[in-house]
Amino acid sequence: MRTLLVGLLLGTVLSGTAAAAEPGFRLCTGYDTGNYFKAGHLLKRTSTSVPVEVVPSQGSLDNLAKMIAGQCDGAFVQADAMLVFSSRNAQALSGIERAGVLYAEDAHLLCNRASGIGRVTDLTKANTVAVGPDGTGARTTWDAFVLADKKRYGPVQTDPRSGVRALSAVSDGSQVQCLLYVGAPGASFMKDDASALGDRVVLVGTDDWDMGGVAKDSRGKAVYGYGEIASGTYPRIQPGGAVFGTKAVKTITVEALFVTSTAWISANEGAYDKVLRAFTAAGPAIKALAKPAN
């Protein structure tokens, strides 16, 4: 009888423990070398109650597709990815909830110095811009530009090269004249790789002021903001100042968002509150990822 009672008590304890266990949260991020992946691990570190699985991916559109397919419960995505994704699947975003903002990212446009391009609005059908493969951050932003102003950006040729390969092509200038890179100021790609080719490439403005009025999300809010890359951030690739030093470069900015599956929220409302608290706690460290490195 004593053995039976012990067994029953042990079974009750184990059952209670299992019932109290929080559900896991699968978080789609980005390439394992990027800031979204790093931010995912910062959230994982602060989420002590709800286990967070950080899932690498091919970018924002891939994240949204994985969420709709039930392969991820939440994701970090560019705000303009929501615009592009909804243009392909209008009903898809009804199952996704905005949970917060990580930080703002800049749209960097690097062009061959001999191309004569000084601003994104100078691009014509004679130019080719490397925007990376489908689903990546730069390609998503470019697709959003075309959606918002097809007359201006539709005729511009694009190339799927990205990273150092695209940078090399821009440096040569014969096939590709510019590349688009979306990321936080001070990213190593800009500070190290691009700056090493400062004699051949230059950073130009992406501040098309029409974009703020025409690119809007499902709430009618502007997808893009405006900012600038301060003078001296990338001394070798920023245009020279009137007298000395370098000039600030005006840019389009886009928010990096934390989004969550409404189906997961409905099934785990208590756990979702804990994930949101963990995201808030990780906020300062996540925002620090977007600060220019010295």
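The values are calculated or read from the model by the stated rules, or taken from the named source; none is laboratory data. Please read all numbers here as calculations on a predicted model, not as lab measurements. Cβ placement follows ideal geometry from the backbone for every residue including glycine, while neighbour counts extend to all protein chains displayed. Note: accessible area is taken over every heavy atom of the protein model, side chains too, but ligands, DNA and RNA are not part of it. Shrake-Rupley method; radii C 1.70, N 1.55, O 1.52, S 1.80 Å.
Where helices (runs of 4 or more DSSP H) fall entirely within the stretch 116-181, those with at least 1 residues that are touching a Lys or Arg at 6+ places or on another chain (Cβ under 6 Å) and more than 17 Å from residue 205 (Cα to Cα) are at 163-172. The test for being open to solvent by 30 Å² or more (accessible area, probe 1.4 Å) and not hydroxyl-bearing (Ser, Thr, Tyr) does not hold for residue 271. Counting the residues of the stretch 37-66 that are touching a Pro at 6+ places or on another chain (Cβ under 9 Å) and touching a residue at least 40 places away in the same chain (Cβ under 8 Å) gives 3.
Within the stretch 67-82, if we keep just the residues that are open to solvent by 30 Å² or more (accessible area, probe 1.4 Å) and in contact (Cβ under 8 Å) with a residue 24 or more places away in the chain, the residue that is farthest from residue 54 (Cα to Cα) turns out to be 68.
Please find, within the stretch 200-213, the residue that is farthest from residue 167 (Cα to Cα) out of those that are open to solvent by less than 20 Å² (accessible area, probe 1.4 Å) and in contact with a Ser or Thr (Cβ under 8 Å, 6 or more places away or on another chain). The qualifying residue farthest from residue 167 (Cα to Cα) is 208.
For the stretch 141-163, the set of residues classified as under 18 Å from residue 59 (Cα atoms), within 19 Å of the chain's Cα centre (by Cα), modelled with pLDDT of 90 or more and not aromatic (Phe, Trp, Tyr) consists of 141, 143, 160, 161, 162, 163, listed by residue number.
Is it true that residue 60 is among the small types (Gly, Ala, Ser), at negative phi, modelled with pLDDT of 95 or more and surrounded by 10 or more Cβ atoms within 10 Å (Cβ to Cβ)? So residue 60 fails the test. Within the stretch 99-118, count every residue that is among the charged types (D, E, K, R) and at pLDDT below 95. Residues meeting the conditions: 2.
Looking across the stretch 150-173, the residues that are touching a strand residue (DSSP E or B) at 6+ places or on another chain (Cβ under 9 Å), open to solvent by 30 Å² or more (accessible area, probe 1.4 Å) and not small (Gly, Ala, Ser) come down to 157, 158, 160, 161, 165, 172.
Among the criteria (1) over 24 Å from residue 116 (Cβ atoms); (2) touching a strand residue (DSSP E or B) at 6+ places or on another chain (Cβ under 8 Å); (3) surrounded by 15 or more Cβ atoms within 10 Å (Cβ to Cβ), the one residue 216 does not fulfil is (3). When you check residue 250 against the structure, is it open to solvent by 10 Å² or more (accessible area, probe 1.4 Å), out of contact with any His (no Cβ under 7 Å at 6 or more places or on another chain) and at pLDDT below 90, yes or no? No, not satisfied. Within the stretch 274-294, the set of residues being part of a helix (DSSP H, G or I) and closer than 30 Å to residue 188 by Cβ comprises 275, 278, 279, 280, 281, 282, 283, 284, 285, 286, 287, 288. Among the residues making up the stretch 83-109, those that are touching a residue at least 12 places away in the same chain (Cβ under 8 Å), among the charged types (D, E, K, R) and either in a helix (DSSP H, G or I) or buried (at least 19 other Cβ atoms within 10 Å of the Cβ) (or both) are 105, 106.
Restricting the stretch 21-51 to residues that are under 14 Å from the mean Cα position of the chain (by Cα) and assigned to a loop (DSSP other than H, G, I, E, B), the residue that is modelled with the highest pLDDT is 29.
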